[in-house]
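To start, the structure under review is shown below, and the notes come after it.
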Amino acid sequence: MTKYNIKNKKFFLLDMDGTIYLDGELFEYSLDFLNYVKSIGGKYVFLTNNSSKSINDYIEKLKKLSIEVDSSNFMTSSQATSLHLRQHSKYNKIYVLGTESFKQELIEDGLNIVDEYTNDIDCLLVGFDTELKYSKLDDACRILTRDVEYLATNPDLLCPTSFGFIPDCGSICNMIETATAKKPVYIGKPNPKMVELAMEANGFSKEETIVIGDRLYTDIACGINAGVSTGVVLTGETKIEHLVSTEFKPDYVFENIGQLYKMLID
């Protein structure tokens, strides 16, 4: 028995890679599903832990896939991390191990971001860095020899691709932990803040909201932590055998986004 009837849902918080597309290719029925959400007066917001791209990058990518979006259709780990940093203004100098796009987004939010080591850095922030160089890992380990705040955008170990998987932010942090024995505080999913911010910004209730994603320990855990319904799709990291032993039990299991769409219109 699920918390609420899925046909009463109007606010769909969706992961992207592995959920509605893989790399640059949409899954079948993704557009049908998104059009359905709009047709019932609902809204879809993409809730992504991928901090390698800015919201403008995502808007450009999704528009190329014929998905209608603007900035209100996104809640990213980058946004949540920026909000956290701005709420904790005690940080004077933040070293970011991340992409240029991620750093620029934080700078535009008024944060003092650096990418070179100095001995007065008081916060280390790690993101999903698709531009990773060994020198950045060296800097991170050097920074952590002192008592500084250590944050990361997301704990995802893997990012799905057309050929399999590549290391995500959690894997980068695991390398740093192996060298320093230090773990970060993760800001993105499964922290419920992203779900809460999205509901507040769009005026939907918990009863109207569902989180859909392909990872149990981030997407599904995030929805559970926020007290909303959850559904996992089996087109990304999660496989059917993972559901047996996980502590993060979804309310719904879908083979793909098409199965969800068909359930909604049936």
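The values are calculated or read from the model by the stated rules, or taken from the named source; none is laboratory data. In this text the structure is predicted, and so the values were computed from the model without any measurement. All Cβ positions, even for glycine, are placed from backbone atoms using ideal geometry, and neighbour counts span all protein chains on display.
With respect to the numbered conditions (1) at pLDDT below 95; (2) more than 20 Å from the chain's Cα centre (by Cα); (3) hydroxyl-bearing (Ser, Thr, Tyr), which one is the sole condition not fulfilled by TYR217? Looking at each condition in turn, TYR217 falls short on (2). All of TYR91, TYR44 fail the test of being out of contact with any Ser or Thr (no Cβ under 6 Å at 6 or more places or on another chain), of a type outside the set (S, T, N, Q), over 29 Å from ASN8 (Cα atoms) and touching a residue at least 12 places away in the same chain (Cβ under 8 Å), apart from TYR91. With respect to the conditions (1) closer than 19 Å to GLY42 by Cα; (2) assigned to a strand (DSSP E or B); (3) under 15 Å from the mean Cα position of the chain (by Cα), GLY231 lacks only one, and its number is (3). Every listed requirement among (1) over 14 Å from the mean Cα position of the chain (by Cα); (2) surrounded by fewer than 20 Cβ atoms within 10 Å (Cβ to Cβ) is met by ILE224 save one, (2). Number of residues in segment 195-218 that are closer than 21 Å to LYS249 by Cβ and aromatic (Phe, Trp, Tyr) equals 1.
Here are LYS182, LYS193, LYS206: which of them is charged (D, E, K, R), surrounded by 15 or more Cβ atoms within 10 Å (Cβ to Cβ), out of contact with any Asp or Glu (no Cβ under 7 Å at 6 or more places or on another chain) and without any contact (Cβ under 8 Å) to a residue 24 or more places away in the chain?
Only one candidate passes the filter, namely LYS206.
Among the numbered conditions (1) touching a strand residue (DSSP E or B) at 6+ places or on another chain (Cβ under 9 Å); (2) touching a residue at least 40 places away in the same chain (Cβ under 8 Å); (3) within 27 Å of LEU83 (Cβ to Cβ); (4) outside any loop (DSSP other than H, G, I, E, B), the only one that LEU260 does not meet is (3). For segment 158-201, the tally of residues that are charged (D, E, K, R) and within 13 Å of ASN225 (Cβ to Cβ) stands at 3. Going through (1) under 20 Å from the mean Cα position of the chain (by Cα); (2) without any contact (Cβ under 8 Å) to a residue 60 or more places away in the chain one by one, GLY236 falls short only on (2). Just one of the numbered conditions (1) within 16 Å of LEU14 (Cβ to Cβ); (2) touching a helix residue (DSSP H, G or I) at 6+ places or on another chain (Cβ under 6 Å); (3) touching a residue at least 24 places away in the same chain (Cβ under 8 Å); (4) not assigned by TED's automatic domain parsing to the domain that holds ASP138 is not true of THR246; which one? Single failed check for THR246: (1).
Every listed requirement among (1) crowded, with 17+ Cβ neighbours inside 10 Å; (2) in contact with a helix residue (DSSP H, G or I) (Cβ under 8 Å, 6 or more places away or on another chain); (3) farther than 30 Å from ILE20 by Cβ; (4) not small (Gly, Ala, Ser) is met by LYS136 save one, (2).
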